[in-house]
Amino acid sequence: MDFSSLWIWKYMKDDLRWYYKVATNRKPAKYLIAKRVGVDYSDDDKLEELWSKFYNALPKFLSLWKDVDEGKEDITKLEIPKVSLLDLMVSIVRKWLYSCSFCRWRCRVNRVEGKKYGACMLDTESRVGAYFHHRGEELVFRGVKGSGTIFFTSCNMRCAFCQNGDISTDKYNGVRVTPRDLAYMMKELRLEGVHNINLVGGEPTIHLHTIIEAIDILAREGFSVYPENYEFESVKYDSFINYPISRESASYKGELNVPILWNSNFYMSDEALNLLRVVVDIWLPDFKYGNDKCALRLSRTPWYVETVTKNLKTVRDWGENMVIRHLIMPNHVYDDTFPVLDWIAKNMPEVWVNIMDQYHPDNFADPNSPKFRGEYKDIARYPTEEEINEAWNYARKLGLKFDVVTFEKRLLL
Ligand code: SF4
């Protein structure tokens, strides 16, 4: 069975149309389109001027993307400008680091100086804790050869129960990566057959500068990208497997092609979301809480509901491909799961939701760990079968699109 003939496409292909076409090389990833949008700017421009040039160029990119999607334009016939929209975005993120507001915290700290940290605790360094062919993601993402997942360290939320605590709470985990290293990882994974590049953490938004620059390098150098050294290979968890390399299944008309998947807590700022719009082919947002009280107590995150719902709405209004994830938590079906599902049913009933039952008490919520804190005793157990069924039945009652994506591992269709 190959990726394009998976049974699940019968149900989800129309909704994830763009992603499907890029993953199967029927269309070029957005970054291959953006590299053909020329811009004019100078490195001496102030950040505000760069933003203004970005917003002026954005309609040109969107119009070209639309034409490519509708088959009215062939990117290989277009000239590649010396300076592209992606280069402009690199200049923006580099300057933005001097007063960072990549995410809703808007800390405004100078990450280049690195004397004071924001909520993510990062300066400019990006580290990767692990990268590999992920076989546990949703079928549309893991496919048959895995999702090319890259785990960045640190986070801008503080979830007491974090299921990736070793990576999200230890910013020094893993290895330091340069944008070039990261671009090479993406190339390596795609050549080995992955269906997407799955950027996750922790939280990828806080590494926006490294990611945007890596994608720019990937767009320009494609199959010719090589890293400065190969130290990061030490965190390739499946390096013991010899994946067959195929250039053909990694290319669109000769250029390295792979969909970019943004696997995020969706706590980014509006501006970050706008930059990401140019390079992200498929969005995989978490929607954890239905009220700010729980977000503050369990994740120490303020303005949670307004920020995440605003970002979800924006992406949905843009008409982008998206699958929302919601994790059922013990004792939180009524105050979080129900309002989250209500909101989705009211605002974007056409979007797929994976209502996940795999919560396990971890990090500060694990009663068997020395890190356990009594204040999290309400989430210090697995959700019961009754809670899980209540969540799923509620989604059924609301008519949400969740069954195929939630139950696919149990379905033998
Ligand atoms: S990425 Fe977010 S948390 Fe980190 S410094 Fe910037 S605004 Fe603050």
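Does region 360-367 include one or more residues that are of a type in the set (S, T, N, Q), modelled with pLDDT under 95 and surrounded by fewer than 20 Cβ atoms within 10 Å (Cβ to Cβ)? Among the residues of region 360-367, not one is of a type in the set (S, T, N, Q), modelled with pLDDT under 95 and surrounded by fewer than 20 Cβ atoms within 10 Å (Cβ to Cβ), which makes the answer no. Checked against the criterion of being on the phi < 0 side of the Ramachandran plot and outside any helix (DSSP H, G or I), the candidates Lys53, Lys66, Lys82, Lys60 yield just one match: Lys82. Residues in region 311-349 that are touching a residue at least 24 places away in the same chain (Cβ under 8 Å), over 24 Å from Phe141 (Cα atoms) and charged (D, E, K, R): 3 in all. Does region 83-97 include one or more residues that are at pLDDT 95 or above, basic (Lys, Arg) and either within 16 Å of the ligand (Cβ to nearest atom) or touching a Phe, Trp or Tyr at 6+ places or on another chain (Cβ under 9 Å) (or both)? Yes, region 83-97 has at least one match. When region 171-204 is examined, which residues are found to be away from the ligand (no atom under 16 Å from the Cβ), among the charged types (D, E, K, R) and over 21 Å from Phe240 (Cβ atoms)? Selection gives Arg176, Arg180.
Can you tell which of Asp166, Asp123, Asp181 is at pLDDT 95 or above, surrounded by fewer than 20 Cβ atoms within 10 Å (Cβ to Cβ) and of a type in the set (D, E, K, R)? Break it down into steps so the answer makes sense when it comes.
Numbers: Asp166 fails: at pLDDT 95 or above; Asp181 fails: surrounded by fewer than 20 Cβ atoms within 10 Å (Cβ to Cβ).
Checking each option against the conditions leaves just Asp123.
One residue stands out among those in region 359-413 that are without any contact (Cβ under 8 Å) to a residue 40 or more places away in the chain and among the polar types (S, T, N, Q): the one that is farthest from Asp166 (Cα to Cα), which is Asn393.
Pull up region 327-356, narrow it to residues that are of a type in the set (D, E, K, R), surrounded by fewer than 17 Cβ atoms within 10 Å (Cβ to Cβ) and over 21 Å from the mean Cα position of the chain (by Cα), then point me to the one that is farthest from Cys294 (Cα to Cα). Out of the qualifying residues, it is Lys346. Of all positions in region 346-353, at least one carries a residue that is part of a helix (DSSP H, G or I) and either modelled with pLDDT under 95 or not basic (Lys, Arg) (or both).
The values are calculated or read from the model by the stated rules, or taken from the named source; none is laboratory data. All values reported here derive from a predicted model rather than from experimental measurement. No Cβ is skipped: glycine too gets one built from the backbone with ideal geometry, and neighbour counts run over all protein chains shown.
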